[in-house]
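Undergrad: I'd like to ask some things about the structure below.
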Amino acid sequence: MAVTKLRAIRLVAYIFGLITIYMTTSKGMVAAYALCGLWLIIFNDSPESQRLGLKIVFVLVILSILIPVTSALYGGNPSEIRKAPPLLSSFWDRITESWPQTFNQLEKNYGYLLGKGLGGVGIAIKMGANNTNQFIPIDNIFWYAYSVFGAVSIYYFYYAVRHIFKSPEESKAVARPMIATTIIMVGYGLTSVMFEDVFFSIIFGVLITWPQQETTKNHHAAVN
């Protein structure tokens, strides 16, 4: 969808992809794919389209930070899940239970400032802890980063976004698919932790290092 110039092909791919993902249990990916697909279908590859794609990325990054932080301060009642529509029940469960519990587990040993370190949260706890009841499905990329690294995770997010925003300038040939992939990852990351998946971790590493690699390559070519 990101590379073909034929809108009809993009539309067919979008419909089949949306149906296929909807058949899974991943409602977060459905939402991320729906948003990214609409951007790819409606707008052709152009500087204006790339700027719009980056604005979408920026909004999703802000939401991935604000939503779990607000939920931790809100501390909702888990019984409210029963009032939520079925499509939003898992999301409401995160707001009322998972994300507030994630924040509460940082109350010891300066966790609010330093985090709990690698292996201190998420799937690692479920696999290695004596009491697997300590496992909390964090299900948000920022909340996961904050739980592991503490306050410095804010800088890590800034670093990643800054490099991704360079992609249209320094990697024009692949900027559109890079932005599309970023929308998918950050959009899905609102309700999941793809960093615990090797595939997503590799792709995310590519996204934030590609512009720098392109700059280095172009510099060497100019010197030669």
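Undergrad: Mind ordering 143-151, 3-11 by average Cβ neighbours within 10 Å, highest first?
TA: On the way: 143-151: 21.6, 3-11: 11.6.
So the peptides 143-151, 3-11, ranked by packing, come out 143-151, 3-11.
Undergrad: Using the per-residue mean of other Cβ atoms lying within 10 Å as a proxy for protection, in what order, highest first, do the peptides 105-112, 175-182, 52-59, 38-45 fall?
TA: Ranked from most to least packed, the peptides come out as 175-182, 52-59, 38-45, 105-112.
Undergrad: Further question: Please work out how much length the chain gains when fully extended from L35 to S201, using 0.36 nm per residue of separation minus the C-alpha to C-alpha distance, in nm with one decimal.
TA: Taking L35 through S201 to full extension adds about 57.6 nm, to one decimal.
Values in this text are rule-based calculations from the coordinates and carry no lab data. In this text the structure is predicted, and so the values were computed from the model without any measurement. A quick note on method: Cβ atoms are made from the backbone with ideal geometry, for glycine too, and the neighbour counts reach across all protein chains shown.
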